[in-house]
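The values are calculated or read from the model by the stated rules, or taken from the named source; none is laboratory data. Just so you know, these numbers come straight off a predicted model, no measurement behind them. Here Cβ is always computed from backbone atoms with ideal geometry, including for glycine, and neighbour counts include all displayed protein chains.
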Amino acid sequence: KVNVCWLRRDLRLHDQAALYHALRKGIPVIVIFIFDRHILDELDDPQDRRMTFIYTKLEKINQQLIALGSSLLTFHDTPLGAFQKLMQQFDVQEVYTNRDYEPYARKRDQQIAAFLQEKGIAFHDFKDQVIFDRDEILKPDGTPYTVYTPYSKQWKQKLNTFYLQSYPVEKYLGNLFQLPAQPLPPLESIGFQLVQISFPPEEPDENIIRHYHLWRDYPAKNGTTKMSVHLRFGTISIRELVKKALAWNEKYLNELIWREFYQMILWHFPHVVHQCFKPEYDRIEWLNDEEAFRRWCEGRTGCPIVDAGMRQLNATGYMHNRLRMITASYLTKNLLIDWRWGEAYFAKKLLDYDLASNNGGWQWSAGCGCDAAPYFRLFNPDLQAQRFDPDYQFIKQWVLEYGSSAYPAPLISHQEARKRCLETYARALQDK
Ligand code: FAD
């Protein structure tokens, strides 16, 4: 008899809700990971950086489990197929996992829970990747917040040490199922290759958090923590990070709350995946010029701060937040290209890609999201560059040909783009 802990976006063995609850039951626990065909078959790049990240972290977990006399079991299958195989090998009693709020994940978990229940196997899911989920933070009238500031106020009011307690998994590791050591299958066998990626260690830099409010907006400075990839894959515990934010810098805490705000929006308003949060914005007549889109993707728009951001993304899988806002605003408002095109491009390229934050960020930038930037406020990319990259240090780092004749002429002047944008948005938003 075994209990199963199913890892997904929680790739760590410490302070981990599902693993803790599974181990405490006393029945030996097997830890599994499924390379989900439904997800992987959608990735068209065999060099997708996220696969290298996941694989590296799974190898680390496997080494930790092997040292404890167990081993990580992996499957390359659909989740249903994986559980069928698992149940042929083991007498599974219960399955433990951490909640994921994305529509695909919710549907997947419902199906797996129903399938297991038919066989008399219980499926337990836990909150782990956020401090507050689902209905925990609601307006006094019981409806979800759609504006960040009152949400964050309520979030802070509700916070107490109970919500920040770590799960002491280490006390119960003796309850792991003893298994012969098994190496992971090579990444090539599931259709991907290991590539060079760079990301910081799981421990955030105290100095960066303490000075966060000063340097967070300057892409040439090392002023943000780059914890997004770790939060995305759960290689760091949100409880540990929030404790640090509380101790070191409230401004940093506010950003972690933005993350939870967008997770909450996705949970309550799943239509945002395909539609504007505010339906009237779905009437915008996007120009969707494919050539302009291609130039934006490649970082060849002739607008240096935009091009620097896009080149950083293409080369590293990361883009600074200020540049995500500038490039997204430029695509949607200056080029009048549907935010969903840009969102999909970021989704392919970002190592920290997260549906809730990416969708939230794009809808915010396009003006169509909850609590979004008003549509008539367009970022002027040149002014943004002067303000946040005053010596053009970041631009020069990424756009080597800047200032030479090899650098492309701008796709459109800001003045012209602004006028066109305001007219187009106004047409969509006038009462019909
Ligand atoms: P820090 O500044 O050190 O912030 C710490 C953490 O707070 C981040 O790791 C992140 O988890 C959270 N955070 C910070 N800003 C935001 C924000 N605006 N919204 C939500 N969470 C935030 N973030 C993602 O994690 N995945 C995405 O796919 C993503 N796509 C985005 C797309 C657009 C168009 C925009 C405008 C923003 C997007 N963001 C996304 C939010 C933000 O840009 C990144 O979280 C941040 O740049 C990551 O770098 P960092 O870890 O150094 O952040």
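Which members of the range 210-228 meet the condition of being within 8 Å of the ligand (Cβ to nearest atom) and in contact with a Ser or Thr (Cβ under 9 Å, 6 or more places away or on another chain)?
Of everything in the range 210-228, those that are within 8 Å of the ligand (Cβ to nearest atom) and in contact with a Ser or Thr (Cβ under 9 Å, 6 or more places away or on another chain) turn out to be Y212, R216, S228.
Yes or no: the range 377-395 includes at least one residue that is in contact with an Asp or Glu (Cβ under 9 Å, 6 or more places away or on another chain), surrounded by fewer than 18 Cβ atoms within 10 Å (Cβ to Cβ) and in the same structural domain as E285 (by TED's automatic domain parsing).
Taking the range 377-395 first, the residues in contact with an Asp or Glu (Cβ under 9 Å, 6 or more places away or on another chain) are 387-388, 395.
Then keep just the ones that are surrounded by fewer than 18 Cβ atoms within 10 Å (Cβ to Cβ); that gives 387.
Cutting the leftovers down to in the same structural domain as E285 (by TED's automatic domain parsing) gives us 387.
Looking for residues that are in contact with an Asp or Glu (Cβ under 9 Å, 6 or more places away or on another chain), surrounded by fewer than 18 Cβ atoms within 10 Å (Cβ to Cβ) and in the same structural domain as E285 (by TED's automatic domain parsing), one finds at least one in the range 377-395, hence yes.
Residue-by-condition table, conditions (1) farther than 25 Å from L241 by Cα; (2) buried (at least 18 other Cβ atoms within 10 Å of the Cβ); (3) not charged (D, E, K, R); (4) not assigned by TED's automatic domain parsing to the domain that holds D36:
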{"residue": "R99", "(1), (2), (3), (4)": "no, yes, no, no"}
{"residue": "P103", "(1), (2), (3), (4)": "yes, no, yes, no"}
{"residue": "Q111", "(1), (2), (3), (4)": "yes, no, yes, no"}
{"residue": "L116", "(1), (2), (3), (4)": "yes, yes, yes, no"}
{"residue": "R134", "(1), (2), (3), (4)": "no, no, no, yes"}
{"residue": "P140", "(1), (2), (3), (4)": "yes, no, yes, yes"}
{"residue": "S152", "(1), (2), (3), (4)": "no, yes, yes, yes"}
{"residue": "W155", "(1), (2), (3), (4)": "no, yes, yes, yes"}
{"residue": "K158", "(1), (2), (3), (4)": "no, no, no, yes"}
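Hey, does the range 323-335 have a residue that's within 10 Å of the ligand (Cβ to nearest atom) and touching a residue at least 60 places away in the same chain (Cβ under 8 Å)?
Yes, some residue in the range 323-335 is within 10 Å of the ligand (Cβ to nearest atom) and touching a residue at least 60 places away in the same chain (Cβ under 8 Å).
Just to check your reading of the model, which residue among A220, A292 is buried (at least 17 other Cβ atoms within 10 Å of the Cβ) and assigned by TED's automatic domain parsing to the domain that holds L323? Can you show your working first?
Numbers: A220 fails: assigned by TED's automatic domain parsing to the domain that holds L323.
Matching residue, one of A220, A292: A292.
Do any helices (runs of 4 or more DSSP H) lying entirely in the range 231-300 carry at least 2 residues that are of a type in the set (S, T, Y), and which ones are they?
Working: elements: 238-248, 250-268, 290-298.
Answer list for the range 231-300: 250-268.
Scan the range 130-150 and report the pairs whose first residue is within 16 Å of A372 (Cα to Cα) and whose second residue is of a type in the set (S, T, N, Q), with Cβ atoms within less than 8 Å and a gap of 6+ or a chain change.
Y145/Q154
In the range 350-374, which residues are without any contact (Cβ under 8 Å) to a residue 60 or more places away in the chain and either more than 7 Å from the ligand (Cβ to nearest atom) or of a type in the set (D, E) (or both)?
Matches in the range 350-374: A373, P374.
Considering the range 336-348 alone, what residues qualify as being crowded, with 21+ Cβ neighbours inside 10 Å, in a helix (DSSP H, G or I) and more than 8 Å from the ligand (Cβ to nearest atom)?
Residue satisfying the conditions is W339 alone.
I'm trying to understand the selection: among the residues of the range 373-432, which are touching a Cys at 6+ places or on another chain (Cβ under 7 Å) and not in a helix (DSSP H, G or I)?
Going residue by residue through the range 373-432, those that are touching a Cys at 6+ places or on another chain (Cβ under 7 Å) are 378, 381, 410.
Within the range 373-432, L378, P410 meet the criteria.
Only one residue in Y262, Y281 is outside the structural domain of Q157 (by TED's automatic domain parsing) and within 16 Å of the ligand (Cβ to nearest atom). Which one?
On the way: Y262 fails: outside the structural domain of Q157 (by TED's automatic domain parsing).
Among Y262, Y281, only Y281 is outside the structural domain of Q157 (by TED's automatic domain parsing) and within 16 Å of the ligand (Cβ to nearest atom).
Given the residues M319, M325, which is the only one that is at pLDDT 95 or above and not in a helix (DSSP H, G or I)?
On the way: M325 fails: not in a helix (DSSP H, G or I).
Step by step, each of M319, M325 is checked, and only M319 is at pLDDT 95 or above and not in a helix (DSSP H, G or I).
Tally the residues that are in contact with a Pro (Cβ under 9 Å, 6 or more places away or on another chain) and outside any loop (DSSP other than H, G, I, E, B), restricting the search to the range 155-178.
Of the range 155-178, the ones in contact with a Pro (Cβ under 9 Å, 6 or more places away or on another chain) are 175-178.
Narrowing the set further to residues that are outside any loop (DSSP other than H, G, I, E, B) leaves 175-176.
Matching residues across the range 155-178 total 2.
Give me the residue from the range 175-202 that is loosely packed, with under 13 Cβ neighbours inside 10 Å and within 16 Å of the ligand (Cβ to nearest atom) and, out of that set, farthest from H38 (Cα to Cα).
Out of the qualifying residues, it is P201.
Scan the range 4-51 residue by residue and report those that are among the β-branched types (V, I, T) and in a loop (DSSP other than H, G, I, E, B).
Going residue by residue through the range 4-51, those that are among the β-branched types (V, I, T) are 4, 27, 29-32, 34, 39.
Within the range 4-51, just I27 meets the criteria.
Name the residue, out of D128, D217, that is more than 29 Å from E42 (Cβ to Cβ) and within 24 Å of the chain's Cα centre (by Cα).
Selected residue: D217, the only one of D128, D217 that is more than 29 Å from E42 (Cβ to Cβ) and within 24 Å of the chain's Cα centre (by Cα).
Going through L336, L331, L313 one at a time, which residue ends up being modelled with pLDDT of 95 or more, within 16 Å of the chain's Cα centre (by Cα) and not assigned by TED's automatic domain parsing to the domain that holds M264? If you could, list the steps in order and put the result at the bottom.
Numbers: L336 fails: within 16 Å of the chain's Cα centre (by Cα); L331 fails: within 16 Å of the chain's Cα centre (by Cα).
That would be L313, the only listed residue that is modelled with pLDDT of 95 or more, within 16 Å of the chain's Cα centre (by Cα) and not assigned by TED's automatic domain parsing to the domain that holds M264.
Within the range 320-328, is even one residue among the hydroxyl-bearing types (S, T, Y), within 16 Å of G367 (Cα to Cα) and crowded, with 22+ Cβ neighbours inside 10 Å? Walk me through how you get there before you give the answer.
Looking only at the range 320-328, we keep the residues that are among the hydroxyl-bearing types (S, T, Y), and these are 327.
Among the residues that remain, those that are also within 16 Å of G367 (Cα to Cα) are: 327.
Applying the additional criterion that residues be crowded, with 22+ Cβ neighbours inside 10 Å yields 327.
There is at least one residue in the range 320-328 that is among the hydroxyl-bearing types (S, T, Y), within 16 Å of G367 (Cα to Cα) and crowded, with 22+ Cβ neighbours inside 10 Å.
Within the bounds of the range 353-360, is there any residue that is at pLDDT 95 or above and part of a loop (DSSP other than H, G, I, E, B)? Break it down stepwise before answering.
Here is the first cut: in the range 353-360, the residues at pLDDT 95 or above are 353-360.
In the following step, the residues that additionally are part of a loop (DSSP other than H, G, I, E, B) were identified as 353-354.
Among the residues of the range 353-360, at least one is at pLDDT 95 or above and part of a loop (DSSP other than H, G, I, E, B), which makes the answer yes.
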